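Structure first, commentary second.
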Amino acid sequence: MPILASKITVPGVPGWAVPRPRVTKLIAEGTRWCSLTVVTGPPGAGKTMALALWAAAEPGPVAWVSLDDYDNQPGVFWAYVAAALRRSGVAVAGTLPAAARERAADHTFLLRLASVLAGQDPPVTLIVDDLHLLTEPAALGELEFVLRNVGPGLRLVVSSRMDPPLPLHRYRLAGELTEIRASDLAFSMTEAGLLLAQHGGTLSAGSLECLTRRTEGWAAGLRLAAISMDTHPDPDRFVTELITEDSALTGYLVEEVLDAAPPQVREVLLATSILEQVSAETAAELTGNEQAGATLLAVARANAFVQPAGCGWYRYHALFAEVLRLKLRHEDPDRIAALHRRAALWYERNGRLTDAVRHAAQAGDWPLAASMVIDALAISEIIEPRDSRSLAGEFVGMPHGEAWTEPQPYLVCAAAALSAGRPEASAAALDAAEGMLGRLPAGQETACRLAAAMISLAAARRTGDLAGAAAAAASAEAMAGTVPMDELARHPEIRARVLSGRGAVELWSGHLDEAARILDAGLAAAEGEHERAACPGHLALVEVLRGRLRQAAKLAAQATAALTAGEQQPPAHHLDPAALVALAWVHLERNELREASSRLTQARAALSTSPDKLVSAVACLAAALGDLAAGHPTVAAEMAAKARCGWSVPPWLEHRLTSVESRARAAAGDIRAALAVAERASRGCSPEAVVTLAHAWAAAGDHNKARHALAHALTAGRAAPERVRLQAWLVDAQLSYHSGDHARGRRSLASALRLGEPEQLRLPFALERTWLGPVLRRDPDLARAHRQLLGPGLASRLAPASQATTAPVTPVIVEQLSEREREVLRHASGMLTTAEIAAELYISINTVKSHLKSIYRKLAAGHRGEAVRRARKLGLI
């Protein structure tokens, strides 16, 4: 039998080849420890070149066989194997038995061959290139027989476009198999740069990264790009135009892969190219052929350009997918929209709404895309998008000003405009939708009216329209009640969001107990993480306003659990502003002013993307209290005024704002203004208003009027909130101490301290530190009894001098922190990210990182949390 020497010769390594030590090492380790090494990859993956590079460096005997279509005949394969082995120095018989030339090799020949190979020392490596061309079952069985019986004398290395039909599982279990896949052969960015340099080309770092990513490190693609780039006037632009009708890459993939496939395979590839990932079911759906799924699975096994993506899904190599879509546009452009529409309907049936909407949008069928959102009761995902790849993002290309004939597109436009901060456009779209709702069939009307109510509720909450919010919440609840139970069970987030809206309205109205009950029910109704996020933030705000700080902190932490992930936490504008304000309030009531300020900074960022007038006003109230406690009364009064701006403030919030404003005016020395504000508020005779008035009269020095005003609050008993009773006892204590009635003053102060203990309400005492300090220094027993409540910062000012010498000595650090480092550390303790700290301090991110490194060194801390804990222990923050 004639033997072509070129087929049993190790290919030469061309001058443009790039040494690839990591791939060579994989092959070397495989041949050293395993009897079988399999190198698989698509055409042009660099399999042959990788093996040639290894063979050129291998000191031991190497036999090489390159297969082609003619070698799949009886006996031909073994003739070439024998010739290659002889050429490498193995003493194999000169000719095959005559019968072996026409059918499978004679068994005696195989026994003799295995015997000769078993005695090889050092072992010989047999490389069979393009083994996928050997499909003759007899030849494959004979190859496996020889490999199984030669022992360590033979190392078999095969390259193939697919896993060879050998019992790989046996070798895998025995630890005798090395598998080198397309991902191992893929060029890294550095290797790609070397390959371009070998062809005389260079690219900027960004273009090189883009080229490597688009080709996925595919060797042939990189080389063809390097060759083509040589004639292109703008190499960087060339990278963005790899796949065109006349490009070398397109021609290679069409000729080597697409046109080489049978017609039925070609049809499956083209029809499914519109998908990012494809499965057997989607292939059947898009082609209308029940056998398309089986065809896809066969293609996936035979073509490494079709790669498994897990769970029965596959993806096409990026460049191959581009070529398929290019050919589809060229051959059958009118079919593309229909394919996208069929894909959209399949994804909708299978519960993948975002994918369904994406394909409906790519089909240009915006009414279909909008109907899918409305029918899936998912309008809230448009109003408040949470994920980076959100449903709302699929409507970016939706045309504005279009005259739709159905309400669904108008509803989606209204939600999207509201989310984008365009309330006028949102209102116009919503009006247009509502004008069409009465003409809808019964099966569509409920979902549309529910969507309209949810949009109206969100709009009302953003603008501060309590009446509108209440009406929209009632409408949403009524519409949700008409949704069939089985459908509502598939969308638990709907009930959670409706209850969240109702709870927010009750909070707005000042019905805190009812708000807590409704929000609790919403939290129980939710199942998923994003569904639950609709309720705990507002519930935390309700609890903090009721004075239940521990529960509020727990709920707020639940809503912002991602904050514990250190530098990997999401930006503040992705978080729930109500939860952030609640956390700020918890810190504020505990007199942790810097932590409160940090949370309020985060809350402002969150409110910029999810506006809520009530939450924003409560944030202003918290900021005003913080400014008052920090000794900035003028700023506190300005923040109270900002909270009232642009809407009708609910009475309960007005009482709290009035209290802060009156105290701020008094602290600034404007007693007349403080009294005027307090008297205006006290007309309603609420306990909080009369305590505010009593405090103003006390600041004015008229203790008789102060006591007269205070009497109503003191006799209200448990009808008044604990927070108000605590403030009333403090005012009474101040008046009593000032009049010389120390016994009554001590009783009133002790009552206030007892009310503050359960939730560690430190702020009211911090606000009264001017007169409270001297009192507690004269009464060390009372100060000691409530030292935990008074806190380390306040207690150090209030403790008697005799106690200072007995207090434990705080350890000192060897090198003191600079003032700027302390500022950075204080913000870090508030869970701000590096970028947020930089924005707060008007410095660069790199400067913040440098300060943090210095802080870690000075405090001997390994990370941020440890540094914050150590700084608190040392009293630095």
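The values are calculated or read from the model by the stated rules, or taken from the named source; none is laboratory data. All of these numbers come straight from a predicted model, not from anything done at the bench. Virtual Cβ from ideal backbone geometry, glycine too; neighbours counted across all protein chains shown. The area values use the complete protein model at the heavy-atom level, side chains included, leaving out ligands, DNA and RNA. Shrake-Rupley method; radii C 1.70, N 1.55, O 1.52, S 1.80 Å.
A search for C-beta distances below 8 Å between a residue of segment 818-846 that is at positive phi and any residue that is modelled with pLDDT under 75 and open to solvent by 60 Å² or more (accessible area, probe 1.4 Å), counting only pairs 6+ apart in sequence or on different chains, returns nothing. Highlighted here are the helices (runs of 4 or more DSSP H) found entirely within segment 577-665 that include at least 3 residues which are charged (D, E, K, R) and open to solvent by 20 Å² or more (accessible area, probe 1.4 Å): 593-609, 633-644.
Can we say ALA429 is in contact with a Cys (Cβ under 7 Å, 6 or more places away or on another chain) and either free of Cβ contacts under 8 Å to residues at least 40 places away in the same chain or in a loop (DSSP other than H, G, I, E, B) (or both)? Criteria met by ALA429. Of the candidates ALA56, ALA45, the single residue that is farther than 25 Å from GLU136 by Cβ and small (Gly, Ala, Ser) is ALA56. Of all residues in segment 188-211, exactly one satisfies the criterion of being surrounded by fewer than 16 Cβ atoms within 10 Å (Cβ to Cβ) and closer than 23 Å to PRO308 by Cα, namely SER188.
Taking the stated definitions as given, is ARG315 assigned to a strand (DSSP E or B) and either among the β-branched types (Val, Ile, Thr) or open to solvent by 20 Å² or more (accessible area, probe 1.4 Å) (or both)? So ARG315 fits the description; yes. Of the helices (runs of 4 or more DSSP H) contained entirely in segment 229-283, those carrying at least 3 residues that are surrounded by 22 or more Cβ atoms within 10 Å (Cβ to Cβ) and in contact with a helix residue (DSSP H, G or I) (Cβ under 6 Å, 6 or more places away or on another chain) fall at 263-272. Among helices (runs of 4 or more DSSP H) entirely within segment 438-546, having at least 3 residues that are open to solvent by less than 50 Å² (accessible area, probe 1.4 Å) singles out 442-463, 466-482, 492-509, 512-525, 536-545. Mind listing whichever residues of segment 14-34 are within 38 Å of the chain's Cα centre (by Cα) and open to solvent by less than 20 Å² (accessible area, probe 1.4 Å)? If the condition is that a residue be within 38 Å of the chain's Cα centre (by Cα) and open to solvent by less than 20 Å² (accessible area, probe 1.4 Å), then ARG20, VAL23 are the ones that fit.
Scanning segment 715-748 for residues that are of a type in the set (A, V, I, L, M), assigned to a helix (DSSP H, G or I) and surrounded by fewer than 20 Cβ atoms within 10 Å (Cβ to Cβ) gives ALA719, ALA743. A single entry from ALA673, ALA689, ALA681 fulfils the requirement of being open to solvent by 20 Å² or more (accessible area, probe 1.4 Å), in a helix (DSSP H, G or I) and within 19 Å of ALA643 (Cα to Cα): ALA673. Please go through segment 846-877 and give me each residue that is of a type in the set (Gly, Ala, Ser) and assigned to a loop (DSSP other than H, G, I, E, B), ordered by number. Correct list: ALA860, ALA861, GLY862, GLY875. Kindly state which helices (runs of 4 or more DSSP H) lie completely within segment 318-382 and contain at least 2 residues that are over 30 Å from THR212 (Cβ atoms), open to solvent by less than 50 Å² (accessible area, probe 1.4 Å) and of a type outside the set (Phe, Trp, Tyr). Correct list: 336-349, 353-362, 366-375. Here ARG223 clears all of (1) without any contact (Cβ under 8 Å) to a residue 24 or more places away in the chain; (2) closer than 22 Å to GLU255 by Cα; (3) among the basic types (Lys, Arg) except the condition numbered (1). From the list LEU154, LEU185, LEU177, LEU166, the lone residue that is open to solvent by less than 50 Å² (accessible area, probe 1.4 Å) and closer than 18 Å to VAL92 by Cα is LEU154.
Only residues that are among the charged types (D, E, K, R) and within 17 Å of VAL157 (Cα to Cα) were counted in segment 5-21, giving 1. Being in contact (Cβ under 8 Å) with a residue 12 or more places away in the chain, in a helix (DSSP H, G or I) and out of contact with any helix residue (DSSP H, G or I) (no Cβ under 6 Å at 6 or more places or on another chain) is a property that does not hold for ALA415. Mind checking whether some residue in segment 816-833 is more than 38 Å from the chain's Cα centre (by Cα) and either open to solvent by less than 60 Å² (accessible area, probe 1.4 Å) or modelled with pLDDT under 85 (or both)? Within segment 816-833, one or more residues are more than 38 Å from the chain's Cα centre (by Cα) and either open to solvent by less than 60 Å² (accessible area, probe 1.4 Å) or modelled with pLDDT under 85 (or both).
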